Amino acid sequence: GKDRIIFATKEDHETPSSAELVADDPDDPYEEQGLILPNGDINWNCPCLGGMASGPCGEQFKSAFSCFHYSTEEIKGSDCVD
């Protein structure tokens, strides 16, 4: 049900595309822009996190990583440990 097979003919490929490009939104949190978004927030969709934010321990990872990211202590993240 989730996959669909589409066959394209030679004629289908000869017709120019009618797709229009949309300007990138630098604040789009779903765009792969790296770990930190332009507004300073964490991009939880960044492939660099390797799925840690959505895995079985995703909420715990987000909490710990957020604490470290926003930490202002001299030894960054030292305020995140009991």
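The values are calculated or read from the model by the stated rules, or taken from the named source; none is laboratory data. Keep in mind it's a predicted model, so treat the numbers as computed, not measured. No Cβ is skipped: glycine too gets one built from the backbone with ideal geometry, and neighbour counts run over all protein chains shown. Only protein heavy atoms, including side chains, enter the accessible area calculation; ligands, DNA and RNA are left aside. Shrake-Rupley method; radii C 1.70, N 1.55, O 1.52, S 1.80 Å.
In whole Hz and in residue order, list the ³J(HN,Hα) couplings for region 6-13 that follow from phi through the Karplus curve 6.51 cos²θ - 1.76 cosθ + 1.60, θ = phi - 60°; x for Gly and Pro.
With the stated coefficients, region 6-13 comes to 10, 9, 10, 8, 4, 5, 4, 7 Hz.
Which whole-number value in Å² is the accessible area per residue of the chain, probe 1.4 Å?
88
With only Lys, Arg, Asp and Glu charged, each at its Cβ (+1 for the first two, -1 for the last two), find how big the charge dipole of the chain is about the Cα centre; round to the nearest 20 debye.
Numbers: 5 positive and 17 negative charges, 81 e Å.
Rounded to the nearest 20 debye, it is 400 debye.
Sort 63-70, 13-20, 50-57, 75-82 for me by packing, meaning the mean count of neighbouring Cβ atoms within 10 Å per residue, highest on top. Please list the in-between numbers first.
On the way: 63-70: 14.5, 13-20: 6.1, 50-57: 12.1, 75-82: 10.5.
Top to bottom by mean Cβ count within 10 Å: 63-70, 50-57, 75-82, 13-20.
Let me have the relative contact order for the chain, percent, based on Cα pairs under 8 Å that are six or more residues apart. Show your work: numbers first, answer last.
Working: 47 pairs, mean separation 10.6, N = 82.
It rounds to 13 percent for the chain.
Sum -39500 (n - 2.57) across every DSSP H segment of at least 4 residues in the chain, then divide by the residue count to get the 222 nm mean residue ellipticity, nearest 500.
-6000 deg cm²/dmol
Using a 1.4 Å probe on the protein chains only, how many percent of the accessible area of region 1-81 belongs to carbon and sulfur?
Heavy-atom surface of region 1-81 belonging to carbon and sulfur, 1.4 Å probe: 55 percent.
For the chain, build the convex hull from the C-alpha positions and give me its volume per residue in Å³.
Dividing the Cα hull volume of the chain by its residue count gives 149 Å³.
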